[in-house]
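Heads up: the structure comes next, in structure tokens.
The values are calculated or read from the model by the stated rules, or taken from the named source; none is laboratory data. The structure displayed is predicted, hence computed values, not measured ones. Here the Cβ positions follow ideal geometry from the backbone for every residue, glycine too, while neighbour counts run over all protein chains shown.
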Amino acid sequence: MFNQDITPYQNLSILLLVSFVLQSMLMPVLLTGVDGPEGWISVLIAALILFFAIKAVNKAMKTYDEDTIISVSDKVFPKFISKLIGIYYIFMFLTVNSLIMKDFAEQVKLMMMFRTPLSTVIVAILLTAAYAAKKGIHTIANITNIVLLTSLIPYLLIIIFSTYYADYSNIFPVYPPDMEGILKSVPNAALSFFGFSLLLFSNSRVSAKGKNPKINKRYLLISAVLYMVSYLLIIVKFGTKEAANLVWPFVSIMKFVNIPGFFFESTEIVGLCLQITVIFTSICILAFFTNLAMQETFKTKENGYFIFIQIPILYLMAAGLPGMYMMFPYIQIPIYILSGMNLFIPLLAAYAAGRKYKRST
Amino acid sequence: MKDLDLNQPINTDIHKNEQIFRKVFENADDIIYRKLEAGKTKNLKMLLLYVDGMTTKEAISEYAIENLLMGLNLDKAQNMSNAQLEQEIAKTSIAVSEIQIITTIGECVDKILSGETVLLLDTCNKGIMLSSRGWPMRGVQEPSAETLIRGARDGFNETMKVNISLIRRRLRDPKLKVKYTQVGKRSKTDIAIIYIEDLVNKTVLKTVEKRINNIEIDAVLESSYIEEMIEDDGYSPFPQLENTERPDAAASALLEGRVVIAVDNTPSVLIAPAIFVSFMQSSEDYYERWLPACAIRLLRYIALPIVMLLPALYVAVTQYHPNLLPTQLSLYVAASRANVPFPPYFEALLMELVIELVREASYRITTPVGSTIGLVGGLVIGQSSVEAGLITPLAVIVVALTAIASFTIPSYNFGATLRLIRFAFIVLAATFGLFGISIGLSFLTIHLCTLKSCGIPYMTPFISFVENKRDLKDTLIRPRIRKLVRKPDYLHMEKEEKKNV
Amino acid sequence: MKKLTLSLLIISTILLCGCWDSVEINKREYLFAVGIDKKEDKLNFISEIPKINEGSEEDRLVYSNEGESFADFYHLNYLHSDKVISDRLMQVIVLGEDLARDSEAMKRIFDEIQRSPQMNRRVKICIAKGKAEDIINTEIPSSPIVGRFLSDMLVKLKRESQQDVFTFDEAILNLGKTGNAMIPLVEVNEKSLKIERAAIIKEYELVGFLETDELEAVMLLLDPSNANIRNINVETDGTTISLDAVDVTMTDKIRLKGDKLSVDYYVTLYCYVDSFIIGNNSLEDRYFLNRVKEESIKKLSETSTDTIDKLQTQYKADLLRIKDKLYKYNKNEYEKVRDKYDEIFAQADIKVYYKMQIKSTGLVK
């Protein structure tokens, strides 16, 4: 209780929260990728692939339980490759973080603060998250648990009430499935399980490391269920054709929340307020892990001050990037690359670690 | 006095001793010097020193002096050891509750100023402290700030030993330990650290002891001095130590494995560690029936966001997001604001300020007139402002509701913090609407998650609600007494104890 | 010192921010109803704004302006009013008949509404018989705010299952799924408004209207569990009897083989007797009741057949959403005929088989 490590379930909360945010951001890509309401099959396939990948990663983590993926690659790969891996993860975290910030700032601006400059919204979110990121993993884990209880779970519960206007037959047809679309959407779905990349860093900070394999699997299961349920909720409300047209499905679905006796009329604003805390938490988690990646790559003793380097980079990337709706036509290839690398690097590291362990024994 | 070394031993010459003490207590006319010649042979000179007004004179005059004059044989007192001297005094049947042998001038000064009587003997380099503390004190009365409908009506008073006895009456456990210490260079205030040996969290205890021992201050006039000096973050608006006037609350805290700090001259005790949920709990929760108690506790948690956020929500909704309200209500609010000259945030701030003024005024004014202030403040100012068109009725309702909700928070300190934070949220709401409120809540969450109380994270058990799921039982609702079997997991109790009802 | 500087920086940043979005609630004008008519190649927007008087919002203002789109209209209003226009409380959008017949204009309007972050997709929608301006300008003594009147009426009609679509969201979803939708038709009725019929919208163009009984017949097949079949008035043996179907169950069988679509609906109605004749004891005679049932079924069948015929031949509009069911449950076959579905539907064999049970005669025999 008095140390600076996180508990296994705090680790689980971190992974779930960030994955949920990525899933809500990449949901439109999944909805457009499949011609029909079978996108949940892509999610299932992605979850299965990651499940098997997790098994290999868990094995490697048993040997290197105090190390992150970068430290492991340092030990099993030549220096040049491990540096490249480190830079890859730094770049990936920064990109994803700035995409989340940009996407969410756009939502806030359009739905809540129409005349406020986008940069003001981005700066407000960025500074809040940076303040938390500097406090360390223990504080961030505490925040995540609180936010999970007070924001994410109520948000999900509220969304369920949108089924008042739903047509459940929209989940058909399941057969014949659009196999090409489903397979092409598997990398999208796999990237949305962003916790898979995070656990390569966070597992080393867990106090009871023996529970990591169980927690990793549990994360995959819960995240997959959450993803599929969210997908199906959107499909039953809007139908495939209209859902594919939406830029922010979760915001659109919040407009249809009908809680009997609830007096608020614009429930999307209530949902956005809950989402603000979820988003800022995930941004600060990603900022912290970027710090950690920088620390491990550049071999420094501390990582708190890296946040000062990150702030301008994140701001410029968030301000400079076009909105998600503009990026949809071009986002497919980057998703394939990121998704592939996110799977390939840990598997390769696990394989190399396994071989090194066998040689040493 | 500058040149006087208080660590010097007591002189064998009683006249010299008297001179020293007269120098130490120069211009202190309430120090009494009573010279005696005692013993069977009446040739042993003695000097009694005490403070007029801090001692029970009867204890000395009737029980001590009389016996000493009649029965003491101290011819060889100089050569006796402390133990022998104590034995000799015991033979005189001196009916004083506590006797201690002291050897230095400094010790004598401390004892005299603590209300004890010091007896000095000629030709003897030892002094005898006779316990004679007795000063005018308030009796055990009902706590003023923590009244209950059902529950004990005794509360702590300014005398630390009385307070300790009130706790001991409730916990007749030999494992209940009381450690005395003194803090304050000039005040030398007595502090007692109370804990139950096999229940307390040892790390918390060590932290508390260490921090108290490290206090360097001239005087401790109230427990808040101690609180401020030993808490983890002095700049935080949130209290990190609990403060109670109720002995039953203190006893309950001890049974949980927490540490109680009693400070002399303070009619309350401090409890460490204190986490967020501690401030939302009241003793009455455990004395009422289970279901109503759960409902009342839930009500408090509902009142919590009302206290913090309702005025800010009013500002955000009227300035930024009117579509959040039902259509009818939006139009009504718009109509009621038609002739009001002030913007909503100014209305909210003004009314909050008025409420705080009324509240402060009611604390300062004596009880008979105090209720009038409430009446004047509430009815006259609020009603008149609405009729004059300065503010809207909705603003009055919002502010009044907030004020009422703030009274449901059991802890005054915590309630004061929430009231302070409310102003910050109003400013954020005026600037950024609901987005500002969300950002404010985010900052608040970060701060609360960073905060610790004697090393225990402030937001326990919410921050690890799976690991501490047993502790969650006693947060939003209270568990059945039968199920209250474990001490909070967050304090890492070694043993499970059943509370026998 | 650092903390102090940082705090001052943050506080000054907050306080010096422009509060760009801060508009007081009483400084806004809330559009309750908007009517849109086509005026040559532009659109004429008629807006109803309740007047905010202290204690009463029953008075209203009606503004009219021409523009290319909603954004244009708001901009013009902005220049002509001391208040900020707000469409966040919009209750109903009334589309004029001329506008509804122009598919391009309809597509533009629908696109703007669904794209708008401020306008709620749950805004009610209806088509005006004639000009939307007349609807908005109607003075209804019992309810001066037309927007609220229409909104409440549409909610009631939807709840009673007398209309299929009442919100913009439903309209656009139906148009997306099947290309067709039935949007309530609002007409002026002396000193009030009435919604008895529905407009048939096909591919964002108004093609025709459904009368009250036709609408009832379609709603019975679309939403049988909430169907509102009131007053089945039949004459049997010289007496008029009135029945009310309180419970309806329906099953359907849809078969698509090649280009041949056949749909069978099996509807069972559970009826109560609403009114008969005092003194006539025929209700105790089950043969009489059987005759009543036969007459009622005959009447219902006639209406259904005529309606379905109209939909197939006159409008080729699949308002029964058979297309949607084919897509969901018979995708393979549907994909083969997707492009020529309208023709398939026009030649489809759609039959409705009714069964009736008279459950109760009310409080007397």
I'd like the full set of residues that are under 17 Å from residue C:220 (Cβ atoms) and either over 28 Å from the mean Cα position of the chain (by Cα) or at the interface with another protein chain (Cβ under 9 Å from one of its Cβ atoms) (or both), limited to the stretch C:317-340.
C:325
Whether any residue in the stretch B:300-307 is within 11 Å of another protein chain (Cβ to nearest Cβ), farther than 12 Å from residue B:434 by Cβ and of a type outside the set (Phe, Trp, Tyr) is what I want to check.
yes
Boolean, residue C:76 is modelled with pLDDT under 85 and outside the structural domain of residue C:110 (by TED's automatic domain parsing)
no
Being in the same structural domain as residue B:431 (by TED's automatic domain parsing), outside any helix (DSSP H, G or I) and at pLDDT 85 or above narrows B:333, B:317, B:340 down to just B:340
Conditions (1) surrounded by fewer than 20 Cβ atoms within 10 Å (Cβ to Cβ); (2) within 22 Å of residue B:456 (Cα to Cα); (3) within 19 Å of the chain's Cα centre (by Cα); number of the one not met by residue B:214
(3)
One residue is enough: does the stretch A:223-235 have a residue meeting the conditions surrounded by fewer than 22 Cβ atoms within 10 Å (Cβ to Cβ), within 13 Å of chain C (Cβ to nearest Cβ) and assigned to a helix (DSSP H, G or I)?
no
When every residue in the stretch C:116-135 that is among the hydrophobic types (A, V, I, L, M, F, W, C) and in contact with a Ser or Thr (Cβ under 8 Å, 6 or more places away or on another chain) is compared, the one surrounded by the most Cβ atoms within 10 Å (Cβ to Cβ) is C:125
Test residue B:443 against the criterion of being aromatic (Phe, Trp, Tyr) and either free of Cβ contacts under 8 Å to residues at least 24 places away in the same chain or under 26 Å from residue B:207 (Cβ atoms) (or both), and give yes or no.
yes
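Only one residue in A:287, A:319 is in contact (Cβ under 8 Å) with a residue 12 or more places away in the chain and either within 14 Å of chain B (Cβ to nearest Cβ) or not in a helix (DSSP H, G or I) (or both), so which one is that?
Testing whether each residue is in contact (Cβ under 8 Å) with a residue 12 or more places away in the chain and either within 14 Å of chain B (Cβ to nearest Cβ) or not in a helix (DSSP H, G or I) (or both) leaves just A:287.
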Name the residues in the stretch A:24-38 that are crowded, with 23+ Cβ neighbours inside 10 Å and of a type in the set (S, T, N, Q), would you?
A:24
Need the failing condition index for residue B:261 against (1) at pLDDT 90 or above; (2) farther than 15 Å from residue B:412 by Cβ; (3) part of a helix (DSSP H, G or I), just the number.
(3)
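State yes or no: is residue A:293 over 20 Å from the mean Cα position of the chain (by Cα) and either more than 14 Å from chain B (Cβ to nearest Cβ) or not basic (Lys, Arg) (or both)?
Considered against the rule, which asks whether it is over 20 Å from the mean Cα position of the chain (by Cα) and either more than 14 Å from chain B (Cβ to nearest Cβ) or not basic (Lys, Arg) (or both), residue A:293 comes out as no.
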If you go through A:63, A:116, A:128, the only one that is at the interface with chain B (Cβ under 9 Å from one of its Cβ atoms), modelled with pLDDT under 95 and more than 21 Å from the chain's Cα centre (by Cα) is A:116
Note: among A:48, A:17, A:99, just one is part of a helix (DSSP H, G or I) and surrounded by 22 or more Cβ atoms within 10 Å (Cβ to Cβ), namely A:17
For the stretch B:124-177, give me each residue that is under 30 Å from residue B:57 (Cβ atoms), basic (Lys, Arg), touching an Asp or Glu at 6+ places or on another chain (Cβ under 8 Å) and not in a loop (DSSP other than H, G, I, E, B).
B:133
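Residue-by-condition table, conditions (1) over 30 Å from residue C:24 (Cα atoms); (2) within 14 Å of chain A (Cβ to nearest Cβ); (3) at pLDDT 90 or above; (4) not in a helix (DSSP H, G or I):
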position: B:401; (1), (2), (3), (4): no, no, yes, no
position: B:417; (1), (2), (3), (4): no, no, yes, no
position: B:425; (1), (2), (3), (4): no, yes, yes, no
position: B:486; (1), (2), (3), (4): yes, no, no, yes
position: B:495; (1), (2), (3), (4): yes, no, no, yes
